[in-house]
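The values are calculated or read from the model by the stated rules, or taken from the named source; none is laboratory data. In this text, all values refer to a predicted model and were calculated from it rather than measured experimentally. Glycine gets a Cβ as well: all are built from the backbone with ideal geometry, and neighbour counts include every protein chain shown. Areas reflect the complete protein model, heavy atoms only, side chains present, ligands, DNA and RNA absent. Shrake-Rupley method; radii C 1.70, N 1.55, O 1.52, S 1.80 Å.
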Amino acid sequence: MATSLPMPTPDYSLTPDQLAELSDRSLLIRFLEPVLAPLRGASDIRKKEAFDALPQKLRPLFLLRVLDRHAAGSAWEYYVWTGMLLQTPDTWAGLLAAFRELGSLELLETLADTAAVHRKRLEGKSPAPPPAASDFEREPGLRAEMEALHAAYEPAVAEAYRAAAERVRSALRQAAYPPGAGTGSE
């Protein structure tokens, strides 16, 4: 289905000074903001179109930023967001593939442990209920497990941002000096 809306593109206008000064997380946020901002509140179809319009090598960055934007704030947010993602197996598998492509093994391990906690919570329940505010109140052990997983998530996602930022820096260098283009130093 074609859309009449322009497809957002990452910010390739970052200067060399900005590349050097921005933290890995800030760099990824700045780079992807033109892609993500128009998608807030957009339909799932529009979000998929924008995702599909990204070059393949930038898609893992998009998924990392989307996950972290929703899951970083607290153990509760991490619990809810990962629980919702697990209820759409194709999306969960896509996230795992993206983080595998980035080489984010610690993040993959943390997400696997998180999935195990969610699956244990849902054991024998059909249909699977979405995560609810009362889950932490009813199951204090669940709160403790998710707090520990969220604590493990923070350094793991920081490492994923490091890998993602390297990809951004590489993409920006390639945009500034595409293969075969003269750099003036010949």
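Listing for the model above:
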read-out	value
GNM flexibility winner over the chain from 128, 151, 72 (Cα, springs under 10 Å)	128
Charge dipole (debye, nearest 20) of the stretch 62-186; +1 at Cβ of Lys and Arg, -1 at Cβ of Asp and Glu	260 debye
Listed values [x] 13.0; [y] 14.4; [z] 11.2, entry calculated as mean projected area of the Cα convex hull in nm²	[x]
Area of residue 9 that stays accessible when all protein chains are in place (1.4 Å probe, Å², to 10)	90 Å²
Within straight-line cross-link reach of residue 57, lysines at Cα separation under 25 Å, skipping those fewer than 8 residues along the same chain	47, 48
Area of residue 90 that stays accessible when all protein chains are in place (1.4 Å probe, Å², to 10)	140 Å²
Residue 7 accessible area, assembled protein chains, probe 1.4 Å, Å²	70 Å²
Sequence of 43, 104, 126 from largest to smallest accessible area, 1.4 Å probe	126, 43, 104
Dipole magnitude of the stretch 50-127 about its Cα centre (Cβ charges: Lys, Arg +1; Asp, Glu -1), debye to nearest 20	120 debye
